[in-house]
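Take a look at the structure set out below.
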Amino acid sequence: MNQYAVELHSHTNHSDGDFTVDELHQQALEYGYDGLILTDHNTASGYKELEERAEESRLVTLGGIEWTTYFGHMLVHDAKRLVDWRTAKPDTIDQHILEVKEAGGLVGIAHPYAVGSPMCTGCHWSFNVTNWDNVDYIEVWNSVSPDDQYWSWDAYSLWAGLLDRGTRISCSAGRDWHRKEPMEENPAITYVETEGPLIKSSFRGALEQGAFYITLGPSLDWAIEQNGRYVRMGETLKAGQGQLQLSVLPVMNKTLRKFAPKVERVKVIHNGKVCVDEQVEEETVSVPLELAPGYVRVELWGTIKGKSNELLTISNPIYID
Ligand SMILES: [Zn+2]
Ligand SMILES: [Zn+2]
């Protein structure tokens, strides 16, 4: 499998970003991204220009928009048409999300626990979603230095709780990129897994399937082997025995290396419980697992920015029938 660095949440001066489309495109290339989704607030007007720029570079882009309402912000990725956000009310959000799905869009809840009014009106998620099956991801890490934001843990708990209740839902990271951030602020990067090269369809496919992980630096390559078949993130295996195969990979992004992330432990979470918590002594870990219906996912823990016992990398789940 190939892994590609992507960013799912970015802005330009078509909404409240400082970047022109050209500057965002340039910054994305310089930072080492392979894929980028533009999600300006309530407008997709910058996308045509971004796509034109990207045609001349190696950047793969998808269209998007950030629904920006009094009741929360929602990322809509790769929809075929614009769905009206203006009539979305707390108790009608399910229908609106369904409409976005029917328009071919992927749905992510942006920064659900960000401070709302008066700091940032509407930034806190207060829509009443009753059907989470139509939500593709929860933005667990938002903005830069997500490891230093208390609301990252609230968002993490929302996501993990939904998994525990049987929802198939991914965690995502969004840099919420508006401008050049201070050098000391570290973003999280999303890595999508694709079988072939990154193109629009494989980018979308990986997001849709949950074939991605988010990281403050360290990469990982993991699968569960079952009867000779390797099952990966977003895929489903059968309950019973499986062999976890995991490799901790070095930090691929050169800017993230400056924050000195170092993996010390691997945790495997199966249906809400930590079933493996091992010190990483070599780069590869191979552990037998006894799996019940539900999900299994992986986290890497270690040090970053001089802090110890930090969550560095979160995988999306493999599901179990
Ligand atoms: Zn927002
Ligand atoms: Zn945003």
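Some notes on this structure:
- Protein-only accessible surface order, largest first, of S172, S201, S57 at 1.4 Å: S201, S57, S172
- Split the accessible area of the stretch 218-320 by element, probe 1.4 Å, and carbon with sulfur accounts for 48%.
- Taking Cα centre as origin and charging only the Cβ of basic (Lys, Arg, +1) and acidic (Asp, Glu, -1) residues, the dipole magnitude of the stretch 1-103 rounds to 340 debye.
- Here r is the Cβ-Cβ distance between L98 and K48 and R0 is 30 Å; the resulting FRET efficiency, rounded to 0.05, is 0.65.
- Long-range HN-HN contacts of R175 with modeled amide H, under 5 Å: L8, H9, S143
- Phi-derived couplings, Karplus 6.51 cos²θ - 1.76 cosθ + 1.60 at θ = phi - 60°, listed residue by residue for the stretch 103-113: 7, x, x, 9, 10, x, 7, 7, 5, x, 10 Hz, with x used for Gly and Pro.
- Surface accessible to a 1.4 Å probe, per residue, for the residues of the chain, Å²: 42
- Take every pair of alpha-carbon atoms less than 8 Å apart whose residues are at least six positions apart; their mean separation over the length of the stretch 61-217 yields a relative contact order of 19 percent.
- The stretch 1-143, accessible surface, carbon-and-sulfur percent (1.4 angstrom probe): 49
- Dividing the convex hull volume of the alpha carbon atoms of the chain by its residue count gives 123 Å³ per residue.
- Computed from point charges on the beta carbon alone (+1 for Lys and Arg, -1 for Asp and Glu), the dipole magnitude for the chain about its Cα centre is near 300 Debye.
- Relative contact order for the stretch 139-238, counting Cα pairs under 8 Å that sit 6 or more residues apart, in percent: 23
- Simple rule: put +1 on each Lys or Arg Cβ and -1 on each Asp or Glu Cβ in the chain, find the dipole, and look at S152, I93, L162; the Cα lying farthest toward the positive end is L162.
- Dipole axis of the chain (+1 Lys, Arg; -1 Asp, Glu on Cβ), positive-most option in L300, Y31, C275: C275
- Checking Cβ-Cβ separations below 4.7 Å across the chain identifies C171, C275 as cysteines lacking any candidate disulfide partner.
- By the rule of a C-alpha distance below 26 Å, with chain neighbours fewer than 8 residues away ignored, the lysines paired with K307 are K180, K254, K258, K262, K267, K273.
- Largest to smallest accessible area among T43, T12 [probe 1.4 Å]: T43, T12
- For H14, solvent-accessible area (1.4 Å; no DNA, RNA or ligand), Å²: 70
- Taking each residue as 0.36 nm, the span from S201 to K80 lengthens on full extension beyond its C-alpha to C-alpha distance by 42.2 nm.
- Computed magnitude of the charge dipole of the stretch 203-321 (debye, nearest 20; Cβ of K, R +1, Cβ of D, E -1): 520
- The mean sequence separation of alpha-carbon pairs under 8 Å and at least six residues apart, normalised by the residue count of the chain, gives a relative contact order of 14 percent.
- Calculated mean residue ellipticity at 222 nm for the chain: -5000 deg cm²/dmol, from DSSP H runs with n ≥ 4 weighted as -39500 (n - 2.57), summed, divided by the residue count and rounded to 500.
- Dipole of the stretch 142-301, positive direction: furthest Cα of G242, A223, C171, with charges on the beta-carbon: C171
The values are calculated or read from the model by the stated rules, or taken from the named source; none is laboratory data. Computed from a prediction, not measured in an experiment: that's the story for all the values here. Cβ: placed from backbone, ideal geometry, glycine included. Neighbour counts: every protein chain shown. Surface accessibility is based on the protein's heavy atoms, side chains included, excluding ligands, DNA and RNA. Shrake-Rupley method; radii C 1.70, N 1.55, O 1.52, S 1.80 Å.
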